[in-house]
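Single-structure report; data block below.
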């Protein structure tokens, strides 16, 4: 009995930030306006890309500290949790590029860019969870229907709104944007984003503090690294 109580206390302490923010996001979901919000985002000083959305940085690249992630299953991008109801917090293109949305994608788009950190190479920015919990309603902008390929977009263009689609209609997630930077294959196409080795650390592209290798804490405001260095 004591061992079980001790384990419970350890788990509550370890995931205290997760528990707190889930409670906070639940409150926001039922109290904030349900109309799309006009929330501007900015570009961090000296960053090649602008931020894709507004919110709290909940889960980091290479993170294994927040369930369901762990030592053998780490996070491949950034999860940014906006303040508001689903389909109200806007998501923007981080840079100019060519957008693709595969025919079966309910909640995701991906954009091809010239890599600003590796001249001469191609890289992709990936945006997902922009749909309802059932997956029946997409929150992606109407300009990008399923099957879109090579559609020109510009930095700051509206792509859609944060949603709660988790990939399983029985277990919707908490409203957020999953954003990742995906490596390109030799032919320039994007690799499988679900594999860590096919992704890159997004923080230098966005100019923010935020990857698990630096032991940066979860559930922090988006922070520009250049401002913290001053």
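Looking at this structure, is residue 31 at pLDDT 95 or above and either within 21 Å of residue 200 (Cα to Cα) or more than 17 Å from the chain's Cα centre (by Cα) (or both)? Show your work before the answer.
Numbers: at pLDDT 95 or above: no; either within 21 Å of residue 200 (Cα to Cα) or more than 17 Å from the chain's Cα centre (by Cα) (or both): yes.
No: the conditions fail for residue 31.
If only one of 160, 84 is crowded, with 23+ Cβ neighbours inside 10 Å, in contact (Cβ under 8 Å) with a residue 40 or more places away in the chain, in a strand (DSSP E or B) and on the phi > 0 side of the Ramachandran plot, which one is it?
Numbers: 84 fails: in a strand (DSSP E or B).
Among 160, 84, only 160 is crowded, with 23+ Cβ neighbours inside 10 Å, in contact (Cβ under 8 Å) with a residue 40 or more places away in the chain, in a strand (DSSP E or B) and on the phi > 0 side of the Ramachandran plot.
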Yes or no: residue 91 surrounded by 18 or more Cβ atoms within 10 Å (Cβ to Cβ), out of contact with any helix residue (DSSP H, G or I) (no Cβ under 9 Å at 6 or more places or on another chain) and either part of a loop (DSSP other than H, G, I, E, B) or at pLDDT 95 or above (or both)? yes
Per-region count, region 99-147, residues crowded, with 17+ Cβ neighbours inside 10 Å and part of a loop (DSSP other than H, G, I, E, B): 14
Does residue 154 fit the bill of being modelled with pLDDT of 95 or more and crowded, with 17+ Cβ neighbours inside 10 Å? no
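Looking at region 195-222, which of its residues are surrounded by fewer than 16 Cβ atoms within 10 Å (Cβ to Cβ) and either modelled with pLDDT under 90 or assigned to a helix (DSSP H, G or I) (or both)?
Our first condition is that a residue be surrounded by fewer than 16 Cβ atoms within 10 Å (Cβ to Cβ); within region 195-222, this holds for 195-197, 213-215, 217, 220-221.
196, 197, 213, 214, 215, 217, 220, 221 - these are the residues of region 195-222 that are surrounded by fewer than 16 Cβ atoms within 10 Å (Cβ to Cβ) and either modelled with pLDDT under 90 or assigned to a helix (DSSP H, G or I) (or both).
Among the residues of region 177-192, is any under 23 Å from residue 83 (Cα atoms), in contact with a strand residue (DSSP E or B) (Cβ under 6 Å, 6 or more places away or on another chain), in a loop (DSSP other than H, G, I, E, B) and in contact (Cβ under 8 Å) with a residue 12 or more places away in the chain? Reasoning before the result, please.
Here is the first cut: in region 177-192, the residues under 23 Å from residue 83 (Cα atoms) are 177-180.
In the following step, the residues that additionally are in contact with a strand residue (DSSP E or B) (Cβ under 6 Å, 6 or more places away or on another chain) were identified as 177-180.
The next check asks that each one be in a loop (DSSP other than H, G, I, E, B); those that pass are none.
The answer is no, given that none of the residues of region 177-192 is under 23 Å from residue 83 (Cα atoms), in contact with a strand residue (DSSP E or B) (Cβ under 6 Å, 6 or more places away or on another chain), in a loop (DSSP other than H, G, I, E, B) and in contact (Cβ under 8 Å) with a residue 12 or more places away in the chain.
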Have a look at 41, 66 and point out the one that is touching a strand residue (DSSP E or B) at 6+ places or on another chain (Cβ under 7 Å), modelled with pLDDT of 75 or more and surrounded by 16 or more Cβ atoms within 10 Å (Cβ to Cβ). 41
With the condition kept exactly as written, say whether any residue in region 164-175 is part of a loop (DSSP other than H, G, I, E, B), crowded, with 18+ Cβ neighbours inside 10 Å and more than 13 Å from the chain's Cα centre (by Cα). yes
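The values are calculated or read from the model by the stated rules, or taken from the named source; none is laboratory data. Keep in mind that this is a model prediction, so the values were computed, not measured. Because the Cβ atoms are built from the backbone with ideal geometry, glycine has one as well, and the counts that use them run over all protein chains shown.
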